[in-house]
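The values are calculated or read from the model by the stated rules, or taken from the named source; none is laboratory data. It should be emphasised that the depicted structure is a prediction, and the values quoted were computed from it without experimental measurement. Here the Cβ positions follow ideal geometry from the backbone for every residue, glycine too, while neighbour counts run over all protein chains shown.
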Amino acid sequence: MPLPRVTAVVVNWNGGDMLAECLASLFAQTWTELEILVVDNGSKDDSIAKVQARWGDRLVLIRNAKNEGFARANNQAFAAATGEWVFLLNNDAVAAPDAIERLMAFVQDRPDVGTLACRINRFEEPNVFDSTGLLLYPDGVCRPRGWQEKDLGQYDRAEMVLAPHGAACAYRKATIDDVGGFDEPYFCYLEDFDFGMRAQLLGWKCWYVPDSRIRHHKSVTAGNYSKFKAYHVERNRIWNAIKLLPRMILVMSPLFTLNRYLMQGYAAATHTGLSAEFMKEYSKLQLAWILLRAYTAALWRLPRMLRERHRLSKRRKISTREWYDLISRYKLDAIELALKF
């Protein structure tokens, strides 16, 4: 039986030397049926010139005149990919030489698996997890499973998860065609969860494969506490809630959001968690302005997101009970969300 072809996709925006490091890890893969595709989002640095000089025609390159965002750039790659599977890798991440081979070996006899999550550890601290899949808070926010935990063997077992982290994951091309790719208005952040959850609703399973190892620099491009990230996460989580939550949880989601805000306020006041780090750099007025902009932008596209919810509900292949079970099984706790760095 011939090996399935894999297209590895890297989206780049001013990646600097990290892009070359990322691509070197892909060219070192033991999986031989591999196409490597880079989408550049209008970079102003010399990162593309450097990798072209090093690898030349061995790269498939799509160049955008401006930053089209992570979602659209990946959709461009999906359309151009020739592989049966698409492997996404952030330009600030590196893959172990057998990372793709491990994924393909795992999925060989699992035709119902549409998405695969990798074992992602922090680049600077290889014994600390960055992600082993995604968890959902019931207002549309998500966070990586295992984030910032020390690696003590607790995630050594392959298991089903809700969705993979977009920093390093694999999608079956048939799943991409079925789901319809990333939702481009998201631009960046949480679009990976949106895709993974839509895949679940359409009957595609997601597995975490611990032997597929990745090391990731966290939030290098936009920053971990940036206003840009805060705005997009808050806006996009509203769209996630509208599109992806069961009816009763959607009705209750404003209460979950209020609880999250209270917990994040407590975290800021007690100097713990990401909220405290954010408030070191930005004032309460700036935070209020970010929230106002996020809610305004989310509501502007409310009719479209409601149409997407209706369209997805007509195609949904899992039962309502299974839908609620997914939310319950992979629920993120508000205390962990607010207090964890």
* In segment 208-230, how many are modelled with pLDDT of 95 or more, in contact with a helix residue (DSSP H, G or I) (Cβ under 7 Å, 6 or more places away or on another chain) and crowded, with 19+ Cβ neighbours inside 10 Å? -> 4
* Asked: Could you list, in sequence order, the residues of segment 170-207 that are at positive phi and either over 15 Å from the mean Cα position of the chain (by Cα) or at pLDDT below 95 (or both)?
  -> GLY180, GLY203
* To do: Search segment 321-340 for residues that are closer than 19 Å to ARG198 by Cβ and pair each with any residue that is basic (Lys, Arg) when their beta-carbon atoms are under 9 Å apart and the residues are at least 6 apart or on different chains.
  => TRP323/ARG316; TYR330/ARG145; LEU332/ARG143; LEU332/ARG145
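Is at least one residue of segment 247-256 more than 30 Å from ASP178 (Cβ to Cβ), part of a helix (DSSP H, G or I) and either modelled with pLDDT of 95 or more or more than 22 Å from the chain's Cα centre (by Cα) (or both)? I'd like the intermediate steps shown before the answer.
Our first condition is that a residue be more than 30 Å from ASP178 (Cβ to Cβ); within segment 247-256, this holds for 254-255.
Among the residues that remain, those that are also part of a helix (DSSP H, G or I) are: 254-255.
Subset that is either modelled with pLDDT of 95 or more or more than 22 Å from the chain's Cα centre (by Cα) (or both): 254-255.
Among the residues of segment 247-256, at least one is more than 30 Å from ASP178 (Cβ to Cβ), part of a helix (DSSP H, G or I) and either modelled with pLDDT of 95 or more or more than 22 Å from the chain's Cα centre (by Cα) (or both), which makes the answer yes.
A quick yes/no check of all residues on (1) under 17 Å from ILE100 (Cα atoms); (2) assigned by TED's automatic domain parsing to the domain that holds GLY166; (3) buried (at least 23 other Cβ atoms within 10 Å of the Cβ):
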site: VAL10; (1), (2), (3): yes, yes, yes
site: GLY16; (1), (2), (3): no, yes, no
site: LEU19; (1), (2), (3): no, yes, yes
site: THR30; (1), (2), (3): yes, yes, no
site: GLY42; (1), (2), (3): no, yes, no
site: ILE48; (1), (2), (3): no, yes, no
site: LEU61; (1), (2), (3): no, yes, no
* Within segment 64-87, can one find any residue that is surrounded by 19 or more Cβ atoms within 10 Å (Cβ to Cβ) and modelled with pLDDT under 95? -> no
* **Residues satisfying the stated conditions in segment 61-97, i.e. outside any loop (DSSP other than H, G, I, E, B) and farther than 22 Å from HIS217 by Cα** => LEU61, ILE62, ARG63, ASN64, ARG72, ASN75, GLN76, ALA77, PHE78, ALA79, ALA80, TRP85
* To do: Could you tell me whether segment 193-204 includes any residue that is surrounded by fewer than 24 Cβ atoms within 10 Å (Cβ to Cβ) and in a strand (DSSP E or B)?
  => no
* Under the condition of being assigned to a strand (DSSP E or B) and in contact with a Cys (Cβ under 9 Å, 6 or more places away or on another chain), which residue from segment 98-119 is nearest to ALA24 (Cα to Cα)? -> CYS118
* Sort through ASP92, ASP98, ASP156 and tell me the only one that's surrounded by fewer than 23 Cβ atoms within 10 Å (Cβ to Cβ), outside the structural domain of GLU322 (by TED's automatic domain parsing) and more than 26 Å from LEU23 (Cβ to Cβ). => ASP156
